[in-house]
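Contents: one structure, followed by commentary.
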Amino acid sequence: MAGVAGGAGLPTLFGLLRGMPLWQALGWVLAGAVLFVAAATGADYVRWRRTRYRIGPERAELRTGLLLVKRRSLARERIRSVDLTANVLLRVLGLVQVRIGTGEQTAGGESTLELDAVSKAEAERLRTQLLARTAPSAGPGEATDGVLAALAPAWIRYAPVSFVAPLLGGAAVGAVMQVSEWFGARAEVIDWIWGRFRDTPLIWMIVVLAGAAMATGVVGALGLWIEMWWNYRLEREPGGTLRVRRGLLTARSTSIEERRLRGIDLVEPLGVRLVGAARLDAVATGLVKDGEDEHADRKTLLPAVPRALADDVAARVLRETAAPTAASLLTPHPPTARGRRLRWALTAALLPALLLALLGWWLTPVLLWTALGCAVVVVPVAVALGLDAYRSLGHGITGAYLLSRSGTVRRSTVALQRSGVIGWTVRQSVFQRRAGLITVTATTAAGAGAYDVPDAGESQGLTFAAEAVPGLLEPFLIRDDGMRTGG
């Protein structure tokens, strides 16, 4: 609470200094901080004294509250996750925060019990006890327990090519402007920057400033990667549980039962894909993203690593001799799908240029030249992305899995267990109908809940769905003579 009070008190102090002396502003801030810390600590002390939990043979129960007593109870057979998190302060004190959940998304967090906090030994005991399950039968691949993947320091080289770097660079620029505003010195900062580039052409000034922001973003991306993935280990534990442990300052532990695993998602963001790397996500039931921690993406099994290693880890996770995502013979989609992607890309690229041209015709010819420059630069990039988006399209069936690949800025290759598909959705827009295309969506209880095979040929998409899960779609197909095959 002292840290929270300090973080909030600093900008408050700068704001008060505009209208009162330093000693008076400091007194108000310190008084407010003391009251805040005392009230928060007292409330947390009462919560701690009034919190009890019990793990019975059938239910996990939690009771807390003084005047308004809250009771929560989860059936043990419905518990799907026991995640452990410890920030720096908790780690110093030997404590761990435990989140017990059913994996269901409900209002008010009624599907989660949170113990904040217990000893590390107690947290491990609870995790082992609540996730004790019968191990799944061994598959054709490696089925031994133990470490499936561990941190290799060389993986950090993929951090700067992620989308995080430019985002952090922009955030750094915003932070400089915000802090200078607190001190009432934003104009001075802008004048100082302008003074450094007074004799420099505008284009070079923009390039240098963008490069500085990007360099700052790269440093930030490296630091964020170290915080998120230091001490990373992916293990298979006795009983059939996959456990991911990671984190430098804040230690995180996520457990996924193998019986809930329905496949994997090989994710290749554009920058990472250009250097031959990929990330591995789990497609599993009961994984709800933690809204309280933006870094707690619980479905991620493996950070960006070389593509061959990602395929190898995927095979170990799925207990297969070879990863389904390594299949190179995916069925391509019709050429009309390429035309659709080129039109989308060109429309997105030319609309801003058209807007600048209209403003230039109305205001100043300078904007007309700017629009022309934007079009010359952006159109080739848009065409390249559109062609790449078409090349990324593909689907197929390999063994017990159906495959779907799509995307260019974020290419995703999903290997979904055919037995995990509970339904199909077939969509066809007006434009798709003219092009003879359909989008087939596999519905499942795992992961995102639905996975698309976009812009496949009409007969191609329906045949794929029928072969992937025999008997599910046939009643709705129409034979060549126009008769339905079922009711």
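The values are calculated or read from the model by the stated rules, or taken from the named source; none is laboratory data. For clarity, every value in this text was computed on a predicted model and none was experimentally measured. Ideal geometry is used to build each Cβ from the backbone, glycine not excepted, and the neighbour counts take in all protein chains shown. Surface areas here come from the heavy atoms of the whole protein model, side chains and all, with no ligands, DNA or RNA. Shrake-Rupley method; radii C 1.70, N 1.55, O 1.52, S 1.80 Å.
Here are a few things to note about the model shown:
- Only one entry in ARG434, ARG411 is modelled with pLDDT of 90 or more, closer than 29 Å to ALA310 by Cβ and either assigned to a helix (DSSP H, G or I) or not hydroxyl-bearing (Ser, Thr, Tyr) (or both), namely ARG411.
Every residue, every condition in (1) in a helix (DSSP H, G or I); (2) open to solvent by less than 30 Å² (accessible area, probe 1.4 Å), yes or no:
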site: MET205; (1), (2): yes, yes
site: LEU209; (1), (2): yes, no
site: GLY217; (1), (2): yes, yes
site: ALA221; (1), (2): yes, yes
site: TRP225; (1), (2): yes, yes
site: VAL244; (1), (2): no, yes
site: ILE256; (1), (2): no, yes
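- Hey, ALA353 of a type in the set (A, V, I, L, M) and in a strand (DSSP E or B) or not: no
- Flag for MET228 being aliphatic (A, V, I, L, M) and over 28 Å from the mean Cα position of the chain (by Cα): no
- Only one entry in SER404, SER412, SER429 is more than 30 Å from VAL317 (Cα to Cα), hydroxyl-bearing (Ser, Thr, Tyr) and open to solvent by less than 50 Å² (accessible area, probe 1.4 Å), namely SER429.
Condition check ((1) modelled with pLDDT of 95 or more; (2) open to solvent by less than 40 Å² (accessible area, probe 1.4 Å); (3) within 27 Å of ALA442 (Cβ to Cβ); (4) touching a His at 6+ places or on another chain (Cβ under 9 Å)) across all residues:
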{"residue": "SER253", "(1), (2), (3), (4)": "no, yes, no, no"}
{"residue": "LEU261", "(1), (2), (3), (4)": "no, yes, yes, no"}
{"residue": "ALA278", "(1), (2), (3), (4)": "yes, yes, yes, no"}
{"residue": "GLY286", "(1), (2), (3), (4)": "no, yes, yes, no"}
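- Residue ranges of strands (runs of 3 or more DSSP E) in region 34-109 with at least 3 members open to solvent by 30 Å² or more (accessible area, probe 1.4 Å): 52-55, 59-64, 70-75, 95-101
- Selection of region 437-473 for residues being open to solvent by 30 Å² or more (accessible area, probe 1.4 Å), outside any loop (DSSP other than H, G, I, E, B) and of a type outside the set (Val, Ile, Thr) yields ALA450, TYR451, ASP452, GLU458, SER459, GLN460, LEU462, GLU467.
- Taking the conditions (1) within 30 Å of ALA132 (Cβ to Cβ); (2) among the small types (Gly, Ala, Ser); (3) surrounded by 14 or more Cβ atoms within 10 Å (Cβ to Cβ) in turn, ALA25 satisfies each one other than (1).
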